[in-house]
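To keep things clear, I will list the structure first and then write my remarks on it.
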Amino acid sequence: MTRFITRLVTGLIGVWLAVAAPAQPGPDDNAPLVELPPLLVEGERRLPPWLYAEADGTEYLSRCTSSTTRGYIERRVAQMHGIRSLIPPAFLLQTDVPAVTVLYSQSLRAQTQDEMVKELMDLRRRRGGSLLRNSRVGSVPNLMLEDRDFFAVFAYIDERNFRPEGMTVAVDYLDFLLERRTPALPAWLRAGLAGLYAQTRIDRRATIDPLLWVSTAESNAISANPDWPRTLVFAQDFFSPEVWRDEPIGSVRGRTLRAQSLLFVRWALDPQHGAREAFWRFAAAAGERPVTEEMMDEYFGFGFSDWRERLSDYLPEAVRAALELDLSSPPRRRVRVREATPAEVARLQGEWERLSIGFVRRRYPEFADRYIEQARATLTKAWVGGDRSPPLAATLGLCEIDAGNDAAARPYLEQAVAGTVVRPRVYTELARLRLAETESRRTDSAGLWTPAEIAAVVEPLHQAFMQRPPLPDAYRLLAQTWARSEQVPADRDWQRLEEGLGLFPDDVRLAYEVAQVHHRHGRNAEAVAVLGRAFPRVRDDATRRRYAELYALLNPPATP
Amino acid sequence: MSLKIQNEDQCGPSERPACASRHLSNAPEIGLRLQCAADVSVVIVRWLCRGLPAGLAALLSPMYLPLFRTAAAVSAVAASLAAAELSDQRMEVLFRPFLADHMTMSHDGRYVAYGDHSGTDLTVKIVDLDQPGSPKTVIVQEDRVILNSTERQRASLRFLRWAEGNRLVFAPTIYRLPQIMSSSSVHPDVRALGFSPPPPPYVAPIMAIDATGDNPVTLADSDQFNELGQEGVDGAPPDAVMRANRILGFAAGKRDTLLVALPNATDPVSGRAVPSGVFELNVRSGALLQVNEDSARGAKHYDRWGQARLLDEGTRGRRMERSLLYSETNSSRWRPLDTVSADADFSLTPANYYGERSVPLGIGYDRDVLLFASNVGRDTFGIYGLDLRTRQRAGLTIEHPARDLVSLEASVDPSRLVFDDGRQALVGIRAFGDPPLTIWLDPELAEAQRAFDVQFPRRSVEIVEWNDDRTRFLLRVTGGADPGRVYVFKRNEGVLTELSRRAPWLTAASLHDTRAVTFPGPDGTTLSGYLTRPRAPRVTPTPLVIVFAPGLPAEPHDEFDREVQVLADMGLTVLRLNQRGVNGRGRAQREVLRRGPDAAALADTRAAIDWVASILPIERKRVVTMGQGFAGYLALRVAQLDPALIRCVVAVEPEVEPARLVRPAADLDSQMTFSQEANRLLLETEDAPLHTRGVVSSGSPLYHPTFIIYRGYLANEMTQGVARLRGRQNRSDVPVETIEVRQDYFNAMPKARGKVYRELQDFLNLNLYEYEVKLGTAKVDA
């Protein structure tokens, strides 16, 4: 028996699947939207069993019919295949941790407002904010929540009107995959890929709509008259991270930057230019080093000025005609949908509820305890029931961490790590707890650590480094640990620290801590180089001062 | 002792493959290529069977052969399709005339106007930069009819500037109507009846329109400047003295008033001298006011107040010396210019034409300062100022170490001086030649130029105009493979708007990568040119074509060249070489011509091949020299002087015997011209006179297949030279193809060009890409 407590829909965080066709007006279209994740609690009503499936790196827990579930999953797999045909996977988030999707039929929703929703409405009213939003959204209502190494989606399916062939992966989701890619993609590439995808329909082929250039009026004008004056930004500005960061989106240059990013990606993908392979190699290099005239010449055989001219010449065609691209055939594998085991239900449902904690705490702390209590109850029930699997231990451990109860988390994390769970955050959290424990055990904080103490922290980190996605916290912890050691880091540690700098070039804190490690072990030249590379990315005065102080230590003034 | 040079790869006629002889017949092109490819397939089969026992090879060969013949035929079709790039359509887009180059920005920066062409009309387009919308199009003039021709001569602009109050003033180039009838040819009785002479022979309107499109008006035309001559006999009406007006620009401090000059003239009936004059023309009302009159004869140059300040009386005397005079501010007295300064030699004679001298440029906003160019005491022409009152240097010095800032042309040329009329100041100098170079005196513009040069790498950015508060700049950007584009940079917004293209039908992707290059030349010099790489080479390493700069003195190559695009279509790497002696690169480089222009070109060619080979994969045994006129002579001579260096030659109307450039034609009673005398003094030396260095007259053999394009119907020394060369080559069994063209080829008419280039492609297929001819080094038999 399940009681459905909270009914809500939100489009604020992340929308996974949008309906390509206009949404069918349903009986609940005017229902209120409440910005809270759904909370599923055992109740009085008798509901269909949970179904389970696994496909394309995602675990599904579904309370829809088997055919709806299969249709949803197969469509999603096909759409993601299309996206990966369009955008090489190397440019998207790559993770070893399976994502979780919970599918819930809208027909199972409670008919009356839950008491918590009423409370929330009261709260919003007291705060004076707008409470309700019109729910006439053109999407499958869904919410995505994310952790540092993991994400989950909750989707409501209107099974009466459900047409899998009408669903596409939403731009927000693609943008999430682009944003979370490490090392971070250049802003122009991310904007270009996401923007282009927004104009793309994926079926057997990818159809990219005529380009919208800056504004509809501008596009129409260029379409009608290829010689219409057009504004493009200089290549140096286009490829400059600072320009992308500082230029207001609404300014002429800001709008042009974004339109030009779409134009560039479209030009590169257009087969008539034969530049697709070169473009992806160029894009990969652009993520690692500043784009220069020589670099463009190296990959495309022409320089900045030619690049600009080619884009300008291509613009009339881009705004006038759709672009059809061939895609590789999607895998034809039937998804196996079966009834979920109680352990799977508890773990996946508990995972969703755990993810909700952080979200609710940030927005509505009044409700956080209720979410913690619910997640803990769901997960503990399975644990008490005898499930000792590493994934469940990992989720329980992280749940306690998110609840602020480090002591309770430690045994679960140790057990998950012992079971070599695929969950880089688990290893990182355990290393953090061990580091904190060693720190607190030592009364003499200035004293340096022993090799055993170092190993206790470093070993789980090295296990974390073997799993994707890479976490900056893990690299920071490695640096912090070696900064406390007399023992010289091994080669693999130096390599990992360098790897961290490459993966997270904008993380000025990591750079500072790596520089400290170099300094600690007498590698001042390397420390100076690390600080020098990172300093242009420092934005606040406090960090600048810290950098300056460390730099002064590395370069003591010459004594007369 | 005889000197015999033979290349291993030079087959005699009997050794040439069958396809070659077939080619010389009138075989259809595609069929020919198929057959050539099939011949190649035989070679491939032989190669595959090498090393096999003879019997087995003989067995396998017939098995392979059909297969490879088919494959080769397919390849040949593909090659034909590639060659189809030289289609009429490709020629049409490459050789379509570019749009007009004139452009101007209003003083407030809101409007830009530029010349354009629509159908058969010359138009001006006005763009409102603040309210984007369709540009306003003003039809200026129809293209001009050419008598007895279906083609039309394109009308173009001679003036386009914004006046005060966003009023645009423009004028098409002067068009002289054919003189159908003069009054003296009309019977007196008819004239007595009041018959007027035919319309004026000049069409030279000056027009204006508001930026909003209002108040379009023709401010003035030739008829307003006509002066009536003396009455004819029996009281007949007088003839009009027709004069074309010349727009000098806006009067100093009056940006609504144009200065218009008329030259001296002579009454055709009475012979009476009509003085020159200057008028002020109000661009709103069209009111004309004469402000100056001068009866001195010669070409006059005016200051910004309308006063004639320089007078060029032309050359005279046995020394062929040009006489230049000047007048001081508000004075009508002419004084010899060559006496004004001891260290600036303003005289011009054949003896100093290629040497040290000074050239007056004009008067700027400081009315007492003569701006002049000089290379006295230095290698390149710099720009200086001379105070005409004190006869002392005025402190202005603009120099460039490697570029002449003016050309060798003797005439007064103020167009290279850049003024800011709003601030009434000289702000920069545009150097002669390509790539474009502006040296700014104004620090703000110099800084803007630096910034643009960074933003447009591998391009030449010319700041054409700017608004009064210098927040908007009108730019012309050329270089690379692009014929040129016009941009507006808005400094406050930090954005660049592309307004127009010189050839919008030529997309960047359809053109071959071209870069301005410099590289080490002989004797520590630096050579320059443009290197074009084919997008789709037919073979790698690619053959190389070296195109010499045309003319004597040679004019440096333009940034964009249509013909080079055609050559690159054929898969050739092309270096347009500015050989030493090219105009605009200083005196020292010209001096090398005294030791022989052909020897200098050979040394330059060797340096060029070495340099290109060091940066690109080129086939050093497949090098072509090419040139037109005197450069055609160089192309032939370089091959003649070093046969192993060059594989074949392409020459357009070559000066086979260049001696005519230094002496009058022998069969005519003609006088030595200024240029002949100047050339003689530069090129003729006692030990190696030019007539001993002719392609035929030198007596040296020319072993190279040669492709010559010329107007065979012309009866002149060029055609005679081509005929002599062809005769000699035919007698020596050396392939020479002479392609007779008409004027339409030189007018760059697409069909005429396409026909010739297809012939050239076949010639190169046969003589450059020939796979069955083994390429080897030259052997010298003593």
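The values are calculated or read from the model by the stated rules, or taken from the named source; none is laboratory data. Quick caveat: nothing in here was measured; it's all calculated off a predicted structure. We place every Cβ from the backbone using ideal geometry, glycine too, and count neighbours over all the protein chains shown. Heads up: the accessible areas ignore ligands, DNA and RNA and are worked out on the full protein's heavy atoms, side chains in. Shrake-Rupley method; radii C 1.70, N 1.55, O 1.52, S 1.80 Å.
The table for this structure:
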{"read-out": "In sequence order, calculated HN-Hα J values of segment B:459-476 (Karplus, 6.51, -1.76, 1.60; Hz; x Gly/Pro)", "value": "10, 9, 10, 10, 7, 7, 8, 8, 7, 5, 8, 6, 9, 9, 10, 9, 10, 10"}
{"read-out": "Model label zone, A:S328; criterion: amide N under 17 Å from point 7 Å along Cα-to-beta-carbon; scope segment A:47-83", "value": "A:56-57, A:77-83"}
{"read-out": "Among beta bridges that DSSP assigns inside segment B:509-629, antiparallel share in %, nearest 5", "value": "60"}
{"read-out": "Residue mean of other protein chain beta carbons inside 10 Å, B:485-496", "value": "4"}
{"read-out": "Förster radius 22 Å - calculated FRET efficiency between A:A436 and A:E486, Cβ distance, rounded to 0.05", "value": "0.60"}
{"read-out": "Radius 11 Å from Cβ of B:R587, net charge of other residues (Lys, Arg +1; Asp, Glu -1)", "value": "0"}
{"read-out": "Average other protein chain Cβ within 10 Å of Cβ, residues A:222-234", "value": "5"}
{"read-out": "R0 of 25 Å, Cβ-Cβ distance A:Y551-A:R289: FRET efficiency to nearest 0.05", "value": "0.60"}
{"read-out": "Gain in span if fully extended, B:K751 to B:D101, counting 0.36 nm per residue against the direct Cα distance", "value": "231.5 nm"}
{"read-out": "Cut-off 19 Å, label 7 Å out along Cα→Cβ of A:D227, residues of segment B:85-104 by amide N", "value": "B:92-104"}
{"read-out": "Projected label distance in nm at B:R297 and A:R537, using a 7 Å step from Cα toward the beta-carbon", "value": "8.1"}
{"read-out": "Estimated buried accessible area (total), pair B and A, 1.4 Å, Å² to nearest 100", "value": "2400"}
{"read-out": "Relative packing of peptides B:564-573, A:305-314 - highest average C-beta neighbours within 10 Å first", "value": "B:564-573, A:305-314"}
{"read-out": "10 Å Cβ neighbours from other chains, averaged over peptide B:459-467", "value": "1"}
{"read-out": "Under 13 Å, Cβ to Cβ, from B:G277 - net charge with Lys/Arg +1 and Asp/Glu -1", "value": "-1"}
{"read-out": "Net charge of neighbours whose Cβ lies under 13 Å from the Cβ of A:T256, counting Lys and Arg as +1 and Asp and Glu as -1", "value": "+1"}
{"read-out": "With every protein chain in place, segment B:435-577: carbon and sulfur % of accessible area (1.4 Å)", "value": "51"}
{"read-out": "Average accessible surface area per residue within segment A:223-329, 1.4 Å rolling probe, Å²", "value": "38"}
{"read-out": "For A:A321, residues with placed amide H under 5 Å, excluding near neighbours", "value": "A:L211"}
{"read-out": "Long-range HN-HN contacts of B:G249 with modeled amide H, under 5 Å", "value": "B:L259"}
{"read-out": "Top positive-direction residue, dipole computed over segment A:453-560 with Cβ charges, set A:P536, A:L503, A:L554", "value": "A:P536"}
{"read-out": "Label point distance in nm, A:S67-A:E498, each placed 7 Å from Cα along Cα→Cβ", "value": "5.9"}
{"read-out": "Of all accessible heavy-atom area on segment A:236-309, the percent that carbon and sulfur account for (1.4 Å)", "value": "53"}
